[in-house]
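See below for the structure under consideration.
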Amino acid sequence: MNRKLDVSLVMEYAWGVFKKHWIILSLFSLAVMCVAVGVSFLNPYQVPAGLQGEELLMWYLENGAGYYAWSFLAAGVQVVLMAWLYNEVFKRIKGVELAFNAGVVLRYIAVSIIVGIATYVSALCCLIPVFFIAPRLLIASLYVIDNPNMGVGEAIERSWKATQGNVITLLVLGVIAFLITLLGVCCCFIGVVPASVLVYIMMVVIYLFLTGQVGDDTDAEAQEEVSFVVEEKTVVRD
């Protein structure tokens, strides 16, 4: 039987973790943003301003391969940094050291690519399918971070099963995450970093709820690994 997500509980846990770790995780998130922006800024194949029509086409014919190669490199760097940041969030929530190596990164990238393609194709078909497919694959990449030896196919399959019956709740949490990010942008971009940290934490907490590692019906085996600090007291799930 799949566990049912509760929006208020997810936000309570996420906020409790955020209050304890927001400073260090914000520094990590800021580093990720700076590196990602830096790699994009250093792209030697910047499209010259003012090019139009035939001139723009000729520029792409001459420089298109380098331009897209650097763009893919920048995207790859960003995905790797996201995997690392998720690993740091897991580490602070669960209180245990998780393996983070080349194998984990490669599987994380593979899952991210597959999920991205599936989401893009479903969006091309119609907006309605993407609202039901994207939530079902939401935590696939997190399975790889939390289970370093798990294969790509198994991570996607488990995400599909774990999210069954929770699509609407996940969409609501997605809207909340969007509003948090928007609020961060509205705060003269100063709030973007802590807002992004809270969203990362929400994602991990959603995963932990759906995999039975937190919650009132937590599996006994999973309880042994997870502890949270909520408000002023420590809530230990063991």
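The values are calculated or read from the model by the stated rules, or taken from the named source; none is laboratory data. A quick note: this is a predicted structure, and the numbers were derived from the prediction, not measured. Neighbour counts are summed over all protein chains in view; Cβ atoms, including those assigned to glycine, are modelled from backbone coordinates with ideal geometry. Quick note on the areas: whole protein, heavy atoms, side chains included, nothing else; ligands and nucleic acids left out. Shrake-Rupley method; radii C 1.70, N 1.55, O 1.52, S 1.80 Å.
Across the range 150-167, the qualifying residues are those that are free of Cβ contacts under 8 Å to residues at least 40 places away in the same chain and more than 18 Å from Arg3 (Cα to Cα), and the one among them that is surrounded by the fewest Cβ atoms within 10 Å (Cβ to Cβ) is Gly153. Could you list, ordered by first residue, the pairs with Cβ atoms under 7 Å in which the first is in the range 198-210 and touching a residue at least 24 places away in the same chain (Cβ under 8 Å) and assigned to a helix (DSSP H, G or I) and the second is of a type in the set (A, V, I, L, M) and open to solvent by 10 Å² or more (accessible area, probe 1.4 Å), at least 6 apart or interchain? Sorted first by the residue in the range 198-210, then by its partner, the pairs are Leu198/Ile180; Met202/Ala177; Ile206/Leu5; Phe209/Leu5; Leu210/Leu5; Leu210/Ala162.
Going through the range 1-48 one residue at a time, which ones are part of a helix (DSSP H, G or I), polar (S, T, N, Q) and closer than 27 Å to Gln78 by Cβ? Within the range 1-48, Ser26, Ser29, Ser40 meet the criteria. Of the helices (runs of 4 or more DSSP H) lying entirely inside the range 49-145, those containing at least 1 residues that are open to solvent by less than 60 Å² (accessible area, probe 1.4 Å) and touching a residue at least 40 places away in the same chain (Cβ under 8 Å) are 53-94, 102-125. Search the range 12-30 for residues being under 16 Å from the mean Cα position of the chain (by Cα) and among the hydrophobic types (A, V, I, L, M, F, W, C), and hand back the single one that is surrounded by the fewest Cβ atoms within 10 Å (Cβ to Cβ). My answer is Leu30. Pairing residues of the range 172-183 that are farther than 13 Å from Val197 by Cβ with residues that are open to solvent by 40 Å² or more (accessible area, probe 1.4 Å), at Cβ distances under 9 Å and at least 6 apart in sequence or on separate chains, gives Val172/Val7; Leu173/Val7; Leu173/Met11; Gly174/Leu138; Ile176/Val7; Ile176/Met11. Of the residues contained in the range 170-180, none is found to be assigned to a loop (DSSP other than H, G, I, E, B) and either crowded, with 16+ Cβ neighbours inside 10 Å or modelled with pLDDT under 95 (or both).
The set of residues from the range 181-207 being surrounded by 17 or more Cβ atoms within 10 Å (Cβ to Cβ), farther than 11 Å from Met11 by Cα and touching a Ser or Thr at 6+ places or on another chain (Cβ under 8 Å) comprises Gly184, Val192, Val193, Pro194, Ala195, Ser196, Val197, Tyr200.
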